[in-house]
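Please treat every number below as a calculation from the coordinates, not as lab data. All figures in this text were calculated on a predicted structure; none of them were measured in a lab. Backbone-built Cβ (ideal geometry, glycine too); neighbour counts: all protein chains shown.
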Amino acid sequence: MTRSRSSLVYWVLGLTAVGALAVCVLRDDCTLLTPDQRAFRHYEAEDYEAAAEEFSDPMWRGVALYRAGRYTEASEAFEGVERDEVKADALYNLGNTRYKLSDFDGAVDAYEESLAMRADDEDTLHNLTLAKRMLEQSLTEEIPEEEEPEEPEEEEEQQEEEEQESEEQEQEFEGVVATPP
């Protein structure tokens with residue numbers, strides 16, 4: 001009788017410990033989780049700001065920063081990725097951040113580096129084409145033309161057309177960041 005009672009006590013204590021561990025793991029502030037595990041929970045909950053603060057891996061940190069709209073910091077994180085298994089994705093993402101920052105020349109460079117590692121990636125090829133088009137467009141806009149000044153009404157119409165064209169190109173952009181495996 002004593003033996004079965006002590007077995008029951010150990011069994012109850014074991015279940016209590018497992019239950020306490022499960023509750024801890026389900027909470028966001030569980031000290032048993034690593035910072036990257038906590039960050040991934042924030043990421044899954046779409047709290048990208050909190051995730052970016054906790055991730056130590058530059059690839060994951062860059063993805064969280066990109067999704068939070070912090071493109072300059074995301075760019076810096078992607079530049080710091082050294083792991084060969086995600087380098088092509090990091091360069092693709094770097095191209096996307098530079099595109100978002102209107103650094104089309106930098107975006108072209110990043111996409112081309114990514115394609116050197118993964119030549120047939122359709123998203124990268126598509127974004128490279130768009131970045132080259134935007135780079136070309138930005139270079140032609142910087143060249144001053146010697147024309148007669150346009151009437152204010154014509155200027156407004158031209159500006160509206162340019163804005164509409166820019167919006168259409170932005171919609172074509174594959175801005176989804178590749179997340180690490």
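Miscellaneous remarks
- Rounded D (µm²/s) - the range 35-90, Kirkwood Rh over Cα pairs, Stokes-Einstein at 20 °C, 1.002 mPa s: 199
- Three-way shape call for the range 67-118 based on the alpha-carbon gyration tensor, with the a/c threshold at 1.5: oblate
- Summarised in one figure, the compactness ratio Rg/Rh of the range 39-150, Cα atoms and Kirkwood Rh, is 1.11.
- Inter-probe distance in nm under a simple model that places probes 7 Å from Cα toward Cβ, at Thr34 and Glu46: 2.8
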